[in-house]
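First comes the structure, then the notes that go with it.
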Amino acid sequence: MKVKVLDHPYVQAVLTTLRDKNTTQIDFRKSLVRLGRAYGLEIIREFETETTYVETPLGVKAKGLRIKEADKVVIVTVLRAAWPMTEGLIKVFPQARQGIVSARRVEEEGMKPGYRFNIEVSYVKIPKIEPDDVVIVVDPMVATGSTMDTILNEVVKRGKAKRYAIASAIITPIAIERISKVAKELGIDVTVYTASIDPEINDKGYIVPGLGDAGDRAFGG
Ligand code: URA
(Lines give C-alpha, C1' and ligand atoms only; values in the text may rest on other atoms or scores of the structure.)
Protein backbone atom coordinates (compact mmCIF):
# COMPACT_ATOMS: atom_id res chain seq x y z
CA MET A 1 0.00 0.00 0.00
CA LYS A 2 1.19 3.51 -0.84
CA VAL A 3 0.53 6.60 1.29
CA LYS A 4 0.69 10.05 -0.30
CA VAL A 5 0.72 13.07 2.00
CA LEU A 6 -0.43 16.05 -0.04
CA ASP A 7 2.07 18.74 0.90
CA HIS A 8 0.77 21.28 -1.62
CA PRO A 9 0.48 24.67 0.18
CA TYR A 10 -3.15 24.97 -0.98
CA VAL A 11 -4.07 21.64 0.64
CA GLN A 12 -2.18 22.48 3.83
CA ALA A 13 -3.85 25.90 4.08
CA VAL A 14 -7.30 24.28 3.66
CA LEU A 15 -6.40 21.69 6.33
CA THR A 16 -5.44 24.53 8.69
CA THR A 17 -8.89 26.10 8.19
CA LEU A 18 -10.48 22.72 8.92
CA ARG A 19 -8.48 22.28 12.11
CA ASP A 20 -9.31 25.75 13.44
CA LYS A 21 -12.07 25.51 16.06
CA ASN A 22 -13.24 29.02 15.06
CA THR A 23 -14.03 28.00 11.47
CA THR A 24 -17.77 28.35 10.83
CA GLN A 25 -19.95 25.48 9.62
CA ILE A 26 -20.20 27.00 6.12
CA ASP A 27 -16.43 27.51 5.81
CA PHE A 28 -15.77 24.04 7.17
CA ARG A 29 -18.08 22.45 4.61
CA LYS A 30 -16.64 24.56 1.77
CA SER A 31 -13.11 23.63 2.85
CA LEU A 32 -13.95 19.93 2.56
CA VAL A 33 -15.28 20.55 -0.96
CA ARG A 34 -12.02 22.38 -1.83
CA LEU A 35 -10.00 19.48 -0.44
CA GLY A 36 -12.01 17.02 -2.54
CA ARG A 37 -11.26 18.93 -5.72
CA ALA A 38 -7.53 19.19 -4.88
CA TYR A 39 -7.42 15.43 -4.18
CA GLY A 40 -9.08 14.76 -7.51
CA LEU A 41 -6.30 16.64 -9.28
CA GLU A 42 -3.69 14.65 -7.34
CA ILE A 43 -5.38 11.28 -7.93
CA ILE A 44 -5.61 11.98 -11.65
CA ARG A 45 -1.78 12.14 -11.85
CA GLU A 46 -1.79 8.33 -11.66
CA PHE A 47 -4.23 7.94 -14.55
CA GLU A 48 -3.26 6.67 -17.98
CA THR A 49 -3.35 9.30 -20.69
CA GLU A 50 -3.14 9.24 -24.46
CA THR A 51 -2.23 11.81 -27.09
CA THR A 52 -5.09 13.30 -29.02
CA TYR A 53 -5.47 16.06 -31.61
CA VAL A 54 -8.14 18.73 -31.89
CA GLU A 55 -8.73 21.48 -34.40
CA THR A 56 -8.76 24.98 -32.86
CA PRO A 57 -11.05 27.81 -34.12
CA LEU A 58 -8.03 28.98 -36.17
CA GLY A 59 -8.30 25.86 -38.29
CA VAL A 60 -5.04 24.51 -36.91
CA LYS A 61 -4.43 21.09 -35.38
CA ALA A 62 -3.30 21.20 -31.72
CA LYS A 63 -1.78 18.30 -29.84
CA GLY A 64 -3.49 17.49 -26.56
CA LEU A 65 -4.17 14.64 -24.21
CA ARG A 66 -7.08 12.56 -23.05
CA ILE A 67 -7.28 11.05 -19.59
CA LYS A 68 -8.08 7.46 -20.45
CA GLU A 69 -9.37 6.19 -17.10
CA ALA A 70 -11.53 9.20 -16.20
CA ASP A 71 -14.70 7.37 -17.21
CA LYS A 72 -13.74 4.31 -15.13
CA VAL A 73 -14.03 6.04 -11.76
CA VAL A 74 -16.35 4.86 -9.01
CA ILE A 75 -16.59 7.16 -5.98
CA VAL A 76 -17.78 5.57 -2.74
CA THR A 77 -18.98 8.08 -0.15
CA VAL A 78 -19.09 7.17 3.53
CA LEU A 79 -22.10 8.99 4.97
CA ARG A 80 -22.32 11.53 6.11
CA ALA A 81 -18.97 13.29 6.68
CA ALA A 82 -17.54 12.40 3.25
CA TRP A 83 -20.32 14.06 1.29
CA PRO A 84 -18.63 17.50 0.83
CA MET A 85 -15.30 15.96 -0.27
CA THR A 86 -17.21 13.89 -2.82
CA GLU A 87 -18.79 17.11 -4.11
CA GLY A 88 -15.24 18.39 -4.83
CA LEU A 89 -14.10 15.11 -6.40
CA ILE A 90 -17.12 15.11 -8.72
CA LYS A 91 -15.91 18.40 -10.21
CA VAL A 92 -12.78 16.55 -11.40
CA PHE A 93 -14.56 13.27 -12.26
CA PRO A 94 -18.01 14.35 -13.51
CA GLN A 95 -18.57 10.98 -15.21
CA ALA A 96 -17.95 8.98 -12.01
CA ARG A 97 -20.35 6.27 -10.99
CA GLN A 98 -21.20 6.63 -7.33
CA GLY A 99 -21.76 4.40 -4.34
CA ILE A 100 -22.97 5.17 -0.84
CA VAL A 101 -22.21 3.42 2.44
CA SER A 102 -23.94 4.51 5.62
CA ALA A 103 -21.66 3.33 8.41
CA ARG A 104 -21.21 4.46 11.98
CA ARG A 105 -18.87 3.56 14.76
CA VAL A 106 -20.86 2.22 17.70
CA GLU A 107 -19.35 4.78 20.05
CA GLU A 108 -21.77 3.91 22.91
CA GLU A 109 -19.93 0.56 23.25
CA GLY A 110 -16.62 2.42 23.50
CA MET A 111 -13.35 1.67 21.76
CA LYS A 112 -12.24 -1.96 22.06
CA PRO A 113 -8.65 -3.06 22.77
CA GLY A 114 -6.37 -2.61 19.77
CA TYR A 115 -8.11 0.65 18.77
CA ARG A 116 -11.14 -1.13 17.34
CA PHE A 117 -14.76 -0.08 17.05
CA ASN A 118 -17.77 -2.17 16.14
CA ILE A 119 -19.19 -0.72 12.94
CA GLU A 120 -22.89 -0.60 12.17
CA VAL A 121 -23.64 -0.55 8.45
CA SER A 122 -27.23 0.48 7.75
CA TYR A 123 -27.20 1.07 3.98
CA VAL A 124 -24.95 0.02 1.11
CA LYS A 125 -25.54 0.84 -2.54
CA ILE A 126 -22.49 0.45 -4.75
CA PRO A 127 -22.49 -0.03 -8.54
CA LYS A 128 -21.02 -3.21 -9.99
CA ILE A 129 -17.22 -2.83 -10.08
CA GLU A 130 -15.42 -3.78 -13.31
CA PRO A 131 -11.78 -5.01 -13.46
CA ASP A 132 -10.62 -1.78 -15.16
CA ASP A 133 -12.32 0.55 -12.66
CA VAL A 134 -10.57 2.91 -10.27
CA VAL A 135 -12.44 3.11 -6.96
CA ILE A 136 -12.08 6.17 -4.74
CA VAL A 137 -13.32 5.65 -1.17
CA VAL A 138 -13.92 8.97 0.57
CA ASP A 139 -13.78 9.33 4.35
CA PRO A 140 -12.26 12.54 5.75
CA MET A 141 -11.27 11.15 9.17
CA VAL A 142 -9.63 7.73 9.29
CA ALA A 143 -8.83 7.24 12.98
CA THR A 144 -8.69 3.51 13.81
CA GLY A 145 -9.35 2.11 10.32
CA SER A 146 -12.36 0.13 11.65
CA THR A 147 -14.83 1.85 9.29
CA MET A 148 -12.46 1.65 6.32
CA ASP A 149 -11.87 -2.07 6.99
CA THR A 150 -15.66 -2.66 6.84
CA ILE A 151 -16.09 -0.51 3.74
CA LEU A 152 -13.27 -2.09 1.73
CA ASN A 153 -14.83 -5.49 2.49
CA GLU A 154 -18.22 -4.19 1.25
CA VAL A 155 -16.68 -2.65 -1.88
CA VAL A 156 -14.88 -5.83 -3.01
CA LYS A 157 -18.18 -7.75 -2.80
CA ARG A 158 -19.20 -5.73 -5.91
CA GLY A 159 -16.16 -6.89 -7.88
CA LYS A 160 -12.40 -6.25 -7.89
CA ALA A 161 -11.20 -2.96 -9.35
CA LYS A 162 -7.85 -2.25 -11.01
CA ARG A 163 -6.88 -0.07 -8.08
CA TYR A 164 -8.29 1.81 -5.09
CA ALA A 165 -7.66 5.28 -3.69
CA ILE A 166 -8.64 6.34 -0.18
CA ALA A 167 -9.27 10.08 0.12
CA SER A 168 -8.90 11.20 3.73
CA ALA A 169 -8.18 14.62 5.24
CA ILE A 170 -6.41 13.11 8.24
CA ILE A 171 -5.32 9.55 9.00
CA THR A 172 -3.33 7.96 11.84
CA PRO A 173 -0.42 5.49 11.80
CA ILE A 174 -2.70 2.89 13.46
CA ALA A 175 -5.23 3.19 10.63
CA ILE A 176 -2.48 3.01 7.99
CA GLU A 177 -1.20 -0.24 9.50
CA ARG A 178 -4.69 -1.73 9.68
CA ILE A 179 -5.71 -0.73 6.14
CA SER A 180 -2.42 -2.01 4.77
CA LYS A 181 -3.18 -5.41 6.35
CA VAL A 182 -6.74 -5.42 5.00
CA ALA A 183 -5.52 -4.48 1.50
CA LYS A 184 -3.07 -7.38 1.60
CA GLU A 185 -5.77 -9.82 2.80
CA LEU A 186 -8.17 -8.67 0.07
CA GLY A 187 -5.41 -8.64 -2.56
CA ILE A 188 -6.15 -5.08 -3.67
CA ASP A 189 -3.87 -2.23 -4.78
CA VAL A 190 -4.57 0.73 -2.45
CA THR A 191 -3.12 4.24 -2.32
CA VAL A 192 -4.03 6.47 0.62
CA TYR A 193 -4.21 10.21 -0.10
CA THR A 194 -4.13 12.39 3.01
CA ALA A 195 -3.28 15.92 4.07
CA SER A 196 -1.82 14.75 7.39
CA ILE A 197 -0.83 11.71 9.41
CA ASP A 198 -1.75 12.74 12.96
CA PRO A 199 0.01 10.83 15.74
CA GLU A 200 -2.69 10.05 18.29
CA ILE A 201 -6.15 8.71 18.95
CA ASN A 202 -7.82 9.70 22.23
CA ASP A 203 -9.85 7.33 24.42
CA LYS A 204 -13.06 8.30 22.59
CA GLY A 205 -11.52 7.37 19.24
CA TYR A 206 -10.93 10.93 18.05
CA ILE A 207 -7.82 11.92 16.14
CA VAL A 208 -5.42 14.24 18.02
CA PRO A 209 -4.73 17.06 17.18
CA GLY A 210 -7.33 16.34 14.49
CA LEU A 211 -10.19 18.68 13.70
CA GLY A 212 -13.01 17.36 15.88
CA ASP A 213 -16.10 15.62 14.53
CA ALA A 214 -16.06 16.26 10.79
CA GLY A 215 -19.75 15.35 10.30
CA ASP A 216 -20.96 17.56 13.14
CA ARG A 217 -18.81 20.48 12.00
CA ALA A 218 -19.86 20.21 8.33
CA PHE A 219 -23.55 19.68 8.95
CA GLY A 220 -24.20 21.67 12.12
CA GLY A 221 -24.29 18.92 14.76
N1 URA B 1 -14.33 10.96 12.99
C2 URA B 1 -14.25 12.30 13.12
O3 URA B 1 -15.08 13.04 12.59
N4 URA B 1 -13.22 12.81 13.82
C5 URA B 1 -12.28 12.06 14.40
O6 URA B 1 -11.35 12.60 15.01
C7 URA B 1 -12.38 10.65 14.26
C8 URA B 1 -13.42 10.12 13.56
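Cα convex hull, the chain: 133 Å³ per residue, rounded to a whole number.
The loop-placed trypsin sites (Lys or Arg not before Pro) in region 122-221, going by DSSP, that have at most 13 neighbouring Cβ atoms within 10 Å of their Cβ come out as 128, 157, 204.
Taking a straight Cα-Cα cut-off under 21 Å and skipping sequence neighbours fewer than 8 places away in the same chain, the lysines within cross-link reach of residue 204 are 21, 112.
With a simple spin-label model that places each label point 7 Å from the Cα along the Cα-to-Cβ direction, the separation between residue 153 and residue 79 comes to 2.1 nm.
Accessible area per residue for the chain, computed on protein heavy atoms with a 1.4 Å probe, is 50 Å². Net length available on complete extension from residue 128 to residue 184 is 18.0 nm, with 0.36 nm assigned per residue and the Cα-Cα distance removed. Over the chain, Cα pairs under 8 Å with separation of 6+ residues give a relative contact order of 23 percent. With a Förster radius of 35 Å applied to the C-beta separation of residue 2 and residue 49, the computed FRET efficiency comes to 0.95. Here the Karplus relation 6.51 cos²θ - 1.76 cosθ + 1.60, evaluated at θ = phi - 60°, turns the backbone of region 182-193 into coupling constants of 5, 4, 5, 4, 7, x, 10, 8, 10, 10, 9, 9 Hz, with x for every Gly and Pro. The portion of the accessible surface of region 2-219 made up by carbon and sulfur, rounded to a whole percent, is 52 (1.4 Å probe; DNA, RNA and ligands excluded). Restricting to region 60-135, what percent of DSSP beta bridges are antiparallel, rounded to 5? DSSP beta bridges in region 60-135 are roughly 45 percent antiparallel.
The values are calculated or read from the model by the stated rules, or taken from the named source; none is laboratory data. Since the structure is predicted, the reported quantities are computational estimates derived from the model, not experimental observations. Cβ atoms come from the backbone with ideal geometry, glycine included; neighbour counts cover every protein chain shown. Side chains are part of the model used for accessible areas, which takes the heavy atoms of the whole protein and leaves out ligands, DNA and RNA. Shrake-Rupley method; radii C 1.70, N 1.55, O 1.52, S 1.80 Å.
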